[in-house]
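These notes are about the structure you will find just below.
The values are calculated or read from the model by the stated rules, or taken from the named source; none is laboratory data. Computed from a prediction, not measured in an experiment: that's the story for all the values here. Cβ coordinates were reconstructed from backbone atoms using ideal geometry, including for glycine residues, and neighbour counts include every protein chain displayed.
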Amino acid sequence: MLRLDYPKPEYLTVERGCPYSFSMNENAIMVKKKRCGTNIYYPNMKATLYLTYQDIRNNNLDSLLQDAQKLAYDHTIKANSIPEQPFVNPDKNVYGMFYMINGNAATQAEFYVTDSINHFLNGALYFDAKPNFDSIYPAVVYLREDIRKLMETITWE
């Protein structure tokens, strides 16, 4: 069963020897993956935020952006709506998009951030349960705030 009373998030900065760092909820567990990918697991919510890092090379930014958008919009069959929220932080050279996927889709949030020159990070939130948006909605709201915090605190090395 999902736990519906969530602790106030406290964030810590994580650096893992990759070309980016960010702040994450201390109630989550970080699992390092190959090629600077990361899974952030929330055991109390049975949810995982999957992060994939890619270098920008050979002018492939357009294809990375198209792939990220396609990943989000592949859920339109089950989603009721997919509001987009642009993210721009010129001081840290971080630009991106946050997709809030509403409805009984496999994922409830997707995002990407980039510096448009060297770094590209995208993420997707999945629950370890059959999608039932009404039931998981409190957890979705909580985890979307964690994703926003990650986007706001990311720094490139």
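Determine whether the stretch 7-22 contains at least one residue that is over 13 Å from Y142 (Cα atoms), of a type in the set (D, E), in a loop (DSSP other than H, G, I, E, B) and touching a strand residue (DSSP E or B) at 6+ places or on another chain (Cβ under 8 Å).
For the stretch 7-22, residues over 13 Å from Y142 (Cα atoms), of a type in the set (D, E), in a loop (DSSP other than H, G, I, E, B) and touching a strand residue (DSSP E or B) at 6+ places or on another chain (Cβ under 8 Å): absent.
Taking the stretch 74-106 only, how many residues are under 28 Å from P19 (Cα atoms) and at pLDDT below 95?
0
Please work out if F98 is touching a helix residue (DSSP H, G or I) at 6+ places or on another chain (Cβ under 7 Å), of a type outside the set (S, T, N, Q) and over 20 Å from M30 (Cβ atoms).
The answer is yes for F98.
Restricting the stretch 23-54 to residues that are among the hydrophobic types (A, V, I, L, M, F, W, C) and in a loop (DSSP other than H, G, I, E, B), which is farthest from H119 (Cα to Cα)?
Taking the candidates together, the pick is M45.
Does the stretch 66-92 hold any residues that are part of a loop (DSSP other than H, G, I, E, B) and in contact (Cβ under 8 Å) with a residue 60 or more places away in the chain, and which are they?
Scanning the stretch 66-92 gives a single hit, K92.
Go over the candidates Y20, Y41, Y95 one by one and state the one that is under 16 Å from the mean Cα position of the chain (by Cα) and either in contact (Cβ under 8 Å) with a residue 60 or more places away in the chain or surrounded by fewer than 15 Cβ atoms within 10 Å (Cβ to Cβ) (or both).
Among Y20, Y41, Y95, only Y20 is under 16 Å from the mean Cα position of the chain (by Cα) and either in contact (Cβ under 8 Å) with a residue 60 or more places away in the chain or surrounded by fewer than 15 Cβ atoms within 10 Å (Cβ to Cβ) (or both).
Within the stretch 56-113, work out how many residues are of a type in the set (G, A, S), in contact with a Phe, Trp or Tyr (Cβ under 9 Å, 6 or more places away or on another chain) and farther than 22 Å from G37 by Cα.
Looking only at that region, the number is 3.
Among the residues of the stretch 145-157, count how many are surrounded by fewer than 17 Cβ atoms within 10 Å (Cβ to Cβ) and closer than 13 Å to F98 by Cα.
4
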